[in-house]
Amino acid sequence: MKRFSVLSMDGIGVALRSVISRVKDATAKRPSELPKTVPRLVAVSKLKPLECIVEAYQHGQRHFGENYVQELVEKSNDQKVQELPDIRWHFIGHLQSNKCNNLVGVPNLFMVETVDSTKLASALSSSWGKQNKQDPLNIMVQVNTSEEDSKHGCSSDHCVELVQHVINHCPHLKFSGLMTIGEMDYDWSQGGNPDFICLVQCRKDVCEILGLSEEDVELSMGMSSDFDKAILMGSTNVRVGSTIFGARQPKQPSSANAAGGILHQSPRETVLSGGTSQPKTSQGTNPAPGAEQDTFPPESFNVH
C-alpha cells in the first residue's frame, strides 16, 4: 500500500489557491489594530513526495516546512529541487544540538522555527557561522504555551531570557519571532485559543523588556485546522500541510511483525484518529501533536 495519500497534481494547485484565498480573507477581517500585511504561508511537506513540492512550487508556493533533518537534507539536495532556485525551507521539527551541523548545510534554508533552549541557540549559531554565510540565519523561539510535558518549547516565563540570549550571544542568528503549537481540536465557541493569546502576550513582554518593536517580531501560530482563526489573532506565519497536500497515511506493519503480533512503530509512523494523524509512541500512547498537527522527529519521541 502506498505510504502517502496525496491530492492529484491538479488538486494540489486548487487546494493551494483555496488556502491562499482564506489567508487573504482572514487578513482583511483582522481587527484594525493589527497590520493588514498578508501572513507568510508555509506549506508543510513532511513525508510527501518531491513531486508534490514541485507542483506546489509551480503554482507559486515558495516557503516549505519540514520536520525531520535527514528528510530535509535529502529533499533539498535532490536534483528536482535544485532546479527550484528561490525555494525557501523552514525547519519546524524538534532539533537536537548534535543535528545542527547537518541542518545548516541545507541549500536555501530560510528559517528554523523551533529554537527552544540557550544550548540549542548557541549550537545553531556556531554551526551557521562555520558556513561563512553573509547573512545570519532567521530563527524563531518556540514557546510551550500550554505547558504540556509532551510538547517542546521554552516556558512563557523563560521566553524573554531565551530571546535575550539569542540577541546578545548568538551573532550568527537573527531573532525573527515566536512560534507555538495551539491546542488541537480547541472549541472556538469558548473564545480565542489560550495558546495564541499567550504567545501574543509573550511578544508584548519580549518587546517591552528588550526594547523591540512588535512589528519586527513575527508570530508563527496556526495550522491546517485553525490557520484562519490564528490570523485573526495576529499570526504572521501559518504552517499548513494536509489541507494543501492531503492527509498523511499510516505505514503498514511488516509481515514479520504482524505475524508475531508485535507492532513497533517508528516516530514517523502514525495512526489516524478522526481524520487527523497522530504519532504513536513505542509504549502505545498518543501524545499531543506537534508542528503541523502530527510531528514526531526521528531524533525524539517527544512532540514539540
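Bear in mind that the values in this text are calculations on the coordinates, not laboratory data. Remember, it's a predicted structure, so these values are computed and weren't measured experimentally. Because the Cβ atoms are built from the backbone with ideal geometry, glycine has one as well, and the counts that use them run over all protein chains shown.
Can you tally the net charge around H172? Count Lys and Arg as +1, Asp and Glu as -1, for every other residue whose Cβ sits under 14 Å from the Cβ of H172.
Local net charge: +2.
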Problem set entry | the range 43-146 - convex hull of alpha carbons, volume per residue in Å³ | 106 Å³
Exercise. Is there a pair in K75/K99; K99/K130; K80/K130; K151/K229 whose C-alpha atoms are over 19 Å apart, and which pairs would that be?
Worked result: K80/K130; K151/K229
Exercise. Can you list the aspartates and glutamates whose alpha carbon is less than 17 Å from that of K36, not counting same-chain residues fewer than 8 positions off?
Worked result: D25, E214, E215, D216, E218, D228
For this session: Wrap a convex hull around the Cα atoms of the range 102-176, take a quarter of its surface area, and give that in square nanometres.
Result: 5.0 nm²
For this session: Filter the trypsin sites (Lys or Arg not before Pro) in the range 109-192 to those in DSSP coil with at most 13 other Cβ atoms within 10 Å of their Cβ, and list the result.
Result: K130, K133
